[in-house]
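The values are calculated or read from the model by the stated rules, or taken from the named source; none is laboratory data. What you see is a predicted model; the values in this text were computed from it and never measured. Cβ: placed from backbone, ideal geometry, glycine included. Neighbour counts: every protein chain shown. With ligands, DNA and RNA removed, areas are computed over all heavy atoms of the protein, side chains included. Shrake-Rupley method; radii C 1.70, N 1.55, O 1.52, S 1.80 Å.
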Amino acid sequence: MTITDILGKKLIVITGKGGVGKTTVSLALAFLNARLGRRPVYVTLKEVRPGYPFFGFTGGVGSGETELAPGIRAHYIDPTAALDEYVKERFVRLYPLYAAVLKSKAVSGFFEAAPGLKELITIGKVWHLGNRPGGYDQVIFDAPSTGHAVPILDLPGRVLDMVRGGAFRSHIEWVEGFLKDPGKTAVLAVSAPEDMAVGETLQLVSSVREAGINVLGAVLNYTVKSPFTPAEEKAVLAAEDAGRGGDAVRLARLTISRARATTKYGKILRRSRPGAVLGAPRIFKKDLSLEDLRSLSVEIENQAARP
Ligand SMILES: Nc1ncnc2c1ncn2[C@@H]1O[C@H](COP(=O)(O)OP(=O)(O)OP(=O)(O)O)[C@@H](O)[C@H]1O
Ligand SMILES: [Mg+2]
């Protein structure tokens, strides 16, 4: 995975298990774009209310454009509102008779029940953000965690016949067109050095590929390098086994375990060929700031530049 592979896509979909660092990696990619003088937009389906700290930013991320940091713009999309708006703009306008029969308020409720339709409209809206006049160079979609993301991505192929044959056909074909075009869209899976996260990553990669969508690779987040030599590691483990050393030894032991897990799960991931695997280091802080995300973006860029 080179920088060109990442930056060359109009839409990057970031997904992975809950809590693995999807938001962190998405924003780091936004910083990567901005540092290179490009216009990225970070898109989330989770509203950030003003006052709530979001990587130190307290201005909130709502449905308008927010500038999180110079060059880093963010948007929140509310899937229910997106569906509502779409139904009103398209369906009611194109099919006023149906709409009248269903009565205005019931129309949205009716479509709310159509499996997958809301997701289809949402991903269309995500795409649209980057492609309107004066739009962005890249849309980074901080997608829901694995179980909820796959239904969004493999959707066009399985949306109800009712919808497929009817008013939404051209919308489905349009979404299918950009999602399955490897030159336009790619998925990047975020993982962590632990069993469940890696298991989910591998499953995700195969489901997304089955849906005909390009997977660029995975970012293994929370990587740790051991600061110790093998002899020092041995001494730490021996001291712990002997019940000596207290907190400092326990901390050293934890670092060694994390470094070993990084190596182990890095190997497992690479062996399964999810595409390239990049590492994002664990930053030893309780709360990350936007500046930390900027440093992560440098780390990701350096790794992507290596052959
Ligand atoms: N590389 C890292 N180093 C240190 N802390 C990190 C790192 N990556 C993420 N975190 C922290 O871990 C927490 C979870 O990260 P994040 O919110 O990015 O995960 P997520 O996958 O988006 O979670 P969710 O599934 O809830 O949306 C956050 O508090 C974040 O600051
Ligand atoms: Mg998140």
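Evaluating Lys264 against the criteria (1) loosely packed, with under 12 Cβ neighbours inside 10 Å; (2) charged (D, E, K, R); (3) at pLDDT 95 or above leaves one unmet condition, (1).
Restricting attention to the stretch 167-213 and to residues that are small (Gly, Ala, Ser) and within 17 Å of Asp5 (Cβ to Cβ), the residue that is most open to solvent (accessible area, probe 1.4 Å) turns out to be Gly183.
Scanning the stretch 35-49 for residues that are open to solvent by 70 Å² or more (accessible area, probe 1.4 Å) and within 13 Å of ligand 1 (Cβ to nearest atom) turns up Lys46, Glu47. Within the stretch 271-295, residues that are without any contact (Cβ under 8 Å) to a residue 60 or more places away in the chain sit with their Cβ atoms under 7 Å from residues that are surrounded by 15 or more Cβ atoms within 10 Å (Cβ to Cβ) and of a type in the set (D, E, K, R), at 6+ positions apart or across chains, in these pairs: Pro281/Glu299; Ile283/Asp292; Lys285/Asp292. Of all residues in the stretch 223-245, those that are out of contact with any Pro (no Cβ under 6 Å at 6 or more places or on another chain) and touching a residue at least 40 places away in the same chain (Cβ under 8 Å) total 2.
Taken over the stretch 206-222, the criterion of being within 14 Å of the chain's Cα centre (by Cα) and either at positive phi or free of Cβ contacts under 8 Å to residues at least 12 places away in the same chain (or both) is satisfied by Gly217 alone.
Just so you know, in the stretch 2-20 the residues that are open to solvent by less than 10 Å² (accessible area, probe 1.4 Å) and not β-branched (Val, Ile, Thr) include one that is nearest to ligand 1 (Cβ to nearest atom), and it is Gly16.
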